[in-house]
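What follows is a set of notes on a single structure, which appears directly below.
The values are calculated or read from the model by the stated rules, or taken from the named source; none is laboratory data. Since this is a predicted model, take the numbers as computed values, not measurements. Methodologically, a virtual Cβ is constructed for each residue, glycine included, from the backbone with ideal geometry; neighbour enumeration extends over all protein chains shown. The accessibility values were calculated without ligands, DNA or RNA, using every heavy atom of the protein model including side chains. Shrake-Rupley method; radii C 1.70, N 1.55, O 1.52, S 1.80 Å.
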Amino acid sequence: MKANPQKYSFDDSLQYIKGVGPKRALLLEKLGLKCIEDCLFFLPFRYEDRTLVKKIADLVPGERVTFTGEIESAETQRIGRRKKILAIHIKDDTGTIPAKWFRFRELYMTEKYPVGSKVILSGKPEISRYQGGGIEVVHPDIEVISLKENETPEIGKLIPVYHSTEGLHIKTLRSIINRVVETHAFLVPEILPDEILRRHKFPHRQEALHQVHLPANDLPVKDLDHFRTPAQKRLIFEEFFLIQVALAFKRRHIPKTVGAGRAFKTRGPLIGKFMKLLKFELTQAQKRILGEIMDDLEQNKPMNRLIQGDVGSGKTVAALICLLTAVENNTQCALMVPTEILAEQHFLNIQPYCQQLGVSIELVTSALPAKEKKLIHKKIQEGEIQIVIGTHALIQKSIEFKNLGLAVIDEQHRFGVLQREAIGKKGGHPHILVMTATPIPRSLALTLYGEMDVSFLDEFPPGRQPIATQIFFEPKRDQAYAILRSETDKGRQAFVVCPLIEESETLDLKTAIEVQEYLQNQLFPDLKISLIHGKMKKEERQLIMAEFLEKKIDVLVATTVIEVGIDVPNATLMIIEHAERFGLSQLHQLRGRVGRGQHASRCLLIAYSSVSEDGKARLDAIQKSTDGFVIAEQDLKIRGPGDFMGTRQSGMPILRVANLIRDIKILESARKEAFNLLDRDPGLEDPQHKNLKQTMKSYLGDKLNLMNII
Ligand code: ADP
Ligand code: MG
């Protein structure tokens, strides 16, 4: 077939496809299917083998099959007062079997499937719970073998099965997709270079789409179900390949040089002075990553490096050494963090060093009064302030640096790609260092940070005690409080974290306020128990944090504001209320707030027995491991990649076909091919790569912020 570009386009709405119309278009939209292209790349999640049609006598419980027969009789049966079951008895020349429906519209069913009609069914026979345990099939797919001429029953074929939505029958969806594939797949341009197709023995793109939606009967269903046919592999590969080409492209087009004089001199006298002030030796891992960073900073091109280091591995001091290096090179630098409370804490930590070293430092948050804000902005613009610490406020238009040489972004996982890059635009291509404490499974790291260099801070400062984690289901809450008492008796401090700060009628949550009052008034009147949450004034929060650090407060009841970055070595106990409601990486982060000093620490998870399956899996994972990477892999498995980063703005391109867990090998090979390709054709200028470039641009341009470089 030849494409007819005047007539059809990829972005055409599905509404105008035969058999769709406005109503179904809305249902399709629920599935994320708006245009032709969406539909083509909406792949079946499993296949049904209807090539082999079995006889009724040969049906085995638990095995999905297709069989045909004639409707012998049908009846409804009552169970209990309200419920009804529909049983349609099917017979062939070897026997009979009831097909049963628990949800059905009686009139519709009896009209559609009258006694005597020939039908084809597929489903999974099982042993009946009633009638002495004969075999039956519940909610099978059933279709009258139509006598109309041009209708073929879905028999003798491999049938693709798609995720559908309420109100859209799977058969309708299947026939819509079928139609779209038949009429539009020929529009799809090939985007993979010939040599890659050859090397991997991939089918062409159009061919692949046909094969996944209308599979040939001789394909092994097992391969199809595991996404292992050449057509499926090709579509998975291409999805990863596009992303990796984009990342490789980006990496190459990162400006080649930094502003004049920004090839830093490292390890100067200021750093020497700072090292003398520091009360501890750097760990080997800290030295190693600093070595990698210093090598970058000495280059006359901007650093673009990610540090992955688990909670408590000591990223802050590494960051500070980088900041001071920038200062020593007469440039300004910025440390950007996701929350005000963390900005404040970094500021409190860093400021004393700066004072002793004679370095000027300021805190910029959105909470600053207008007048003060203006003044600070002015000082930043005039280059008077050397180190600026702040939140998103730092990337606002109103802030201009005179001479930004380095930007450090902490807890990067809370920011999106675009924010990460916005700070880089604040000066003539400053060096960029991003740090994250959410260990990212390798596959995700390759997709999210594929254009960066990565350093691993894989060692903890000495003397860390492992954190023992225990789960207490609600009736045993008192045991957790008994542990709290024994810790405070030893002079230690504790956090109690709650999910919400105000009482909510719909969610029966223990709120932070309630918990604080309960602990203070009912249980521990002799202890000082304070509350901290995100809606407090900055001064109030700072005061409380300072008091906690000075051990004037024994127990800090908090909302998740303390999730990132808080550092109080004497705190040895973390109690998490409603732990089942927290995400896995959030639990890991929270747990990381303790175990930071010399004392053995514990994390107690208080959960409610009505926990969901996912909730159980999370609690189980957090109890079993303290290794951030293991936890991250588990998290990815439980949640799936789309949701993994927690925030939609994470910039993760949505994967339509590929799966980050299942397809890691394909991802790696796609990455290799992508980077090789860019070595050969850095600008993707070869006419052979035109479609690739175009598709990358339309698919990923906004997401990966490519627009200004393509
Ligand atoms: P994170 O990587 O989670 O940001 P921090 O930078 O907050 O971790 O460090 C956690 C704690 O470990 C801090 O109290 C810090 O002072 C301490 N620390 C960092 N490096 C070392 C080291 N080399 N030796 C001893 N303590 C260290
Ligand atoms: Mg930190």
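Worth a mention:
- For residue 537, the solvent-accessible surface with a 1.4 Å probe is about 140 Å², rounded to the nearest 10.
- Loop sites here are GluC sites (Glu not before Pro) outside DSSP states H, G, I, E and B with no more than 12 other Cβ atoms within 10 Å. The longest part of the chain free of them is 551-684.
- Simple rule: put +1 on each Lys or Arg Cβ and -1 on each Asp or Glu Cβ in region 68-145, find the dipole, and look at 140, 97, 79; the Cα lying farthest toward the positive end is 79.
- Amide H contacts under 5 Å for residue 335, placed H, 5+ residues apart: 388, 389, 390, 408
- Segment residue 217-residue 284, length gained on full extension (0.36 nm per residue, minus Cα span): 18.2 nm
- Residue-level accessible surface for residue 611, protein heavy atoms, 1.4 Å, Å²: 20 Å²
- Listed residue pairs exceeding 22 Å between alpha carbons, taken from 30/616; 201/665; 378/425: 30/616
- Alpha-carbon spread of region 467-625, three principal axes, descending order, Å: 41, 38, 29
- Per-residue SASA entry for residue 102, accessible area with 1.4 Å probe, Å² rounded to 10: 70 Å²
- Distance violations [Cα-Cα > 22 Å] among 55/157; 100/157; 476/624: 100/157
- Of the trypsin sites (Lys or Arg not before Pro) found in region 112-144, the ones in coil according to DSSP and having at most 16 other Cβ atoms within 10 Å of their Cβ are 129.
- Additional length obtainable on full extension of the chain from residue 609 to residue 60, 0.36 nm per residue less Cα span: 193.9 nm
- Extension gain from residue 124 to residue 204, taking 0.36 nm per residue of separation minus the Cα-Cα distance: 25.3 nm
- Across the protein chains, with a 1.4 Å probe defining accessible surface, the residues 113, 518 rank 518, 113 from largest area downward.
- Approximating the spin labels as points 7 Å out from Cα along Cα→Cβ, the residue 226-to-residue 676 distance works out to 2.5 nm.
- Among 471, 486, 461 the positive-end extreme of the charge dipole of region 460-500 (Cβ point charges): 461
- Among the trypsin sites (Lys or Arg not before Pro) within region 271-302, those in coil by DSSP and having at most 15 neighbouring Cβ atoms inside 10 Å are 279.
- Cross-link reach is defined here as a Cα-Cα straight distance under 18 Å, omitting same-chain residues fewer than 8 places apart; for residue 279 the lysines meeting it are 287, 315.
- Nearest-20 debye value, the chain charge dipole, Cβ charges on Lys, Arg, Asp, Glu: 720 debye
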